[in-house]
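Peer 1: Mind having a look at this structure? Questions to follow.
The values are calculated or read from the model by the stated rules, or taken from the named source; none is laboratory data. As the structure is a prediction and not an experimental result, all values here were calculated from the model. Positions of Cβ are generated from backbone atoms using ideal geometry, with glycine treated the same way; all protein chains shown enter the neighbour counts.
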Amino acid sequence: MSPPSITAAEEGIRAHARPGVAAVFWTRLRLLVRVDEIWLAIFAAAVGAGAGAGVAAMNHVTHYLHHLLFKLPLGQGLSSSPRVDTLRLLAVPVLGGVVLGLGALLVVRFRPKGIVDPVEANALYGGRMSLIDSVIVAVQTVWSNGIGGSIGLEAGYAQLGAGIASWSGLHLRLRRSDLRLLVGCGAAAAIAGAFSAPLCGVFYGVELIIANYSLATLPFIIIAALAGTLVTDMLHAGSGPLNVALPHQIPLSAYPMAILLGVVAGFAAIAIMRGVTSIEAGFRRSRLPAWMRPVAGGLLLGPLGLISPATLGSGHAALHMDIGMELPLVAAFVLFLGKAVASAISIGSGFRGGLFFASLFLGSLFGKLFADIVMFIPGLPVMPVGFYAVVGMSAMAVAVVGGPMTMTFLALESTGQFSITICVLAAAIAAAMTVKRVFGYSFSTWRFHLRGTPIRSGADVGWIASLTVGRLMRRSDLRFVRPTSPEVLRREAQPGEAQRLVVLDDEGKYAGIVFPAELHASDMRGQEKLEAFLHHRDQFLLPGMTVKDALAVFETAEADSLAVLDGPATRKVIGLLSEQYALRRYSEQLERHRKENIGE
């Protein structure tokens, strides 16, 4: 995917050249933010506040859509509603799917490059995101949830918060490292504000968006997360605490059960992620046009909503209402299966959103299923069902989304019970290890893999992609020769004149490399053909290769220099690259990024 279009930001940058108060303001602010950490902290707080306001706006609009479309009382969550009008349950997802599909069609037409999310932006593009694209994602996510799609709003929250941060940083023309940091701040503030859990938001930004723990970046993310939480609380848009009874003392026998629950939840999460992919592939293989797929998804969601409205929406209200409630084994299984299928259909058919909160709700149901089964095991102390619900919630969310510390702090901040810390963390790590060993991906990185995007996290690998052979090669070191006898070449090439000669065939294509020193060292006895002195005829570099790819070719060819060709078919020589120079530039970049990560 090509780098995102950043029309608004570029327009703002061009505005800096215009004389006036605004230009002076942005210039001075840019200088202050780039040279003074205090001002960068203030800017991070402003970004966090903007992200929190965006979360509040998305929440309020979603609640109003539920009230308007499903005739729910204001403040009543769709997933916690005891009853919803049957006609509306069947009609709203379908008609809403029509609007969603046509809107997506317009987006593809006018924004054909695709939308970059915060993880991809930080990994590949140095934090560069489009604010317009982020607003589009937020609107699509709100609409998808508002019409009953079984998806969470958290992906939209993070996208909008990160988009605001990137747009602001691009206006100030910040360095790559600072822009990536701001994107992490925006996403962290959005998640912190959505759950009223600042530590959860901090680790979301650190683990999933920046993918680097550093004392140089942590203070700014904390400031942004606190600002986002304060703003959403002031606007009455944050999430309330989970009302669940938890034990103050955990018996030793509960710890292995928590680990077992984490392992089993990992396998269940893999099945859910595979299910989403299979349904998505099924929709692609169907003959339905892309804009009709959300309509078909809406047709399938309506009947699931008739089974239980808890299968629709994000499940936020249902989780808060039911997390401590005991459910019969069959009822818990039916609800878990219905929610999993509804989420897979929603994402697979083109509803915009993610599995963040859906995985929390699914995890709580899975924990209740687990509790119903282990109660038949003799010798185990009876634990409250809420204990297994919270542990399962964290384990499932880690398995799907990633971020063990993110989900651990979410559970602790949501419940206020730190007695379950070890159990929650053990289950989260067990789930993460299970998914990594068996599957290898979280949901977001799995979708990157399916798209052919070579990233596993938000760690900055884009600088490697930008350090290409085409940028490193040199043209001044080239000396071309045509095929002739070795004796003629030895007479024409002085030993110290050039380290290597690039040989071209009669058609001007690359034929190999000859070393003058080797020609002068040979007595030429029995060697009348130039082919005996040609090296690396089939080993060459291409301008689009990264420096890592080039170093691998050097190692395989056992060469200190290789020719750069415009393509394997045309074989036109456009430059030369030495292994020494490639290694030096690669080491310099590694050292620079190491210093950025530790704040030097």
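Peer 1: Which of the residues belonging to the range 301-322 are small (Gly, Ala, Ser), assigned to a helix (DSSP H, G or I), in contact with a helix residue (DSSP H, G or I) (Cβ under 8 Å, 6 or more places away or on another chain) and modelled with pLDDT under 90?
Peer 2: 318
Peer 1: State which residue is farthest from residue 188 (Cα to Cα) when the search covers only the range 65-91 and only residues that are assigned to a helix (DSSP H, G or I) and touching a residue at least 60 places away in the same chain (Cβ under 8 Å).
Peer 2: If we take residues in the range 65-91 being assigned to a helix (DSSP H, G or I) and touching a residue at least 60 places away in the same chain (Cβ under 8 Å), then 86 is farthest from residue 188 (Cα to Cα).
Peer 1: Additional query: Hey, residue 55 hits all of (1) surrounded by fewer than 18 Cβ atoms within 10 Å (Cβ to Cβ); (2) under 27 Å from residue 361 (Cα atoms); (3) touching a Ser or Thr at 6+ places or on another chain (Cβ under 6 Å) but one; which does it fall short on?
Peer 2: Tallying (1) surrounded by fewer than 18 Cβ atoms within 10 Å (Cβ to Cβ); (2) under 27 Å from residue 361 (Cα atoms); (3) touching a Ser or Thr at 6+ places or on another chain (Cβ under 6 Å), residue 55 fails exactly one: (1).
Peer 1: Can you find even one residue in the range 220-240 that is surrounded by 19 or more Cβ atoms within 10 Å (Cβ to Cβ), β-branched (Val, Ile, Thr), touching a residue at least 60 places away in the same chain (Cβ under 8 Å) and not in a helix (DSSP H, G or I)?
Peer 2: No, the range 220-240 contains no residue that is surrounded by 19 or more Cβ atoms within 10 Å (Cβ to Cβ), β-branched (Val, Ile, Thr), touching a residue at least 60 places away in the same chain (Cβ under 8 Å) and not in a helix (DSSP H, G or I).
Peer 1: Determine whether the range 165-173 contains at least one residue that is surrounded by fewer than 24 Cβ atoms within 10 Å (Cβ to Cβ) and without any contact (Cβ under 8 Å) to a residue 12 or more places away in the chain.
Peer 2: No, the conditions are met nowhere in the range 165-173.
Peer 1: So which of 104, 188 is assigned to a helix (DSSP H, G or I), surrounded by 21 or more Cβ atoms within 10 Å (Cβ to Cβ) and of a type in the set (Gly, Ala, Ser)?
Peer 2: 188
Peer 1: Does residue 123 count as modelled with pLDDT under 95, of a type in the set (Gly, Ala, Ser) and out of contact with any strand residue (DSSP E or B) (no Cβ under 6 Å at 6 or more places or on another chain)?
Peer 2: Judged against the criteria, residue 123 is a match.
Peer 1: Of the numbered conditions (1) on the phi < 0 side of the Ramachandran plot; (2) in contact with a Gly (Cβ under 7 Å, 6 or more places away or on another chain), residue 239 fails exactly one; give the number of that condition.
Peer 2: (2)
Peer 1: Collect the residues in the range 29-43 that are within 12 Å of residue 174 (Cβ to Cβ) and either touching a strand residue (DSSP E or B) at 6+ places or on another chain (Cβ under 7 Å) or surrounded by 13 or more Cβ atoms within 10 Å (Cβ to Cβ) (or both), keeping them in residue-number order.
Peer 2: 29, 30, 32, 33, 34, 39, 40, 43
Peer 1: Next up: Across the range 447-474, which residue is surrounded by the fewest Cβ atoms within 10 Å (Cβ to Cβ) among those that are assigned to a helix (DSSP H, G or I) and at pLDDT 85 or above?
Peer 2: 471
Peer 1: Going residue by residue through the range 191-201, is there one that turns out to be more than 18 Å from residue 119 (Cβ to Cβ), crowded, with 24+ Cβ neighbours inside 10 Å, in contact with an Asp or Glu (Cβ under 6 Å, 6 or more places away or on another chain) and not polar (S, T, N, Q)?
Peer 2: yes
Peer 1: Is one or more of the residues making up the range 573-584 surrounded by 15 or more Cβ atoms within 10 Å (Cβ to Cβ) and out of contact with any strand residue (DSSP E or B) (no Cβ under 8 Å at 6 or more places or on another chain)?
Peer 2: yes
Peer 1: Among (1) in contact (Cβ under 8 Å) with a residue 12 or more places away in the chain; (2) more than 23 Å from residue 116 (Cα to Cα); (3) of a type in the set (A, V, I, L, M, F, W, C), where does residue 252 come up short?
Peer 2: (1)
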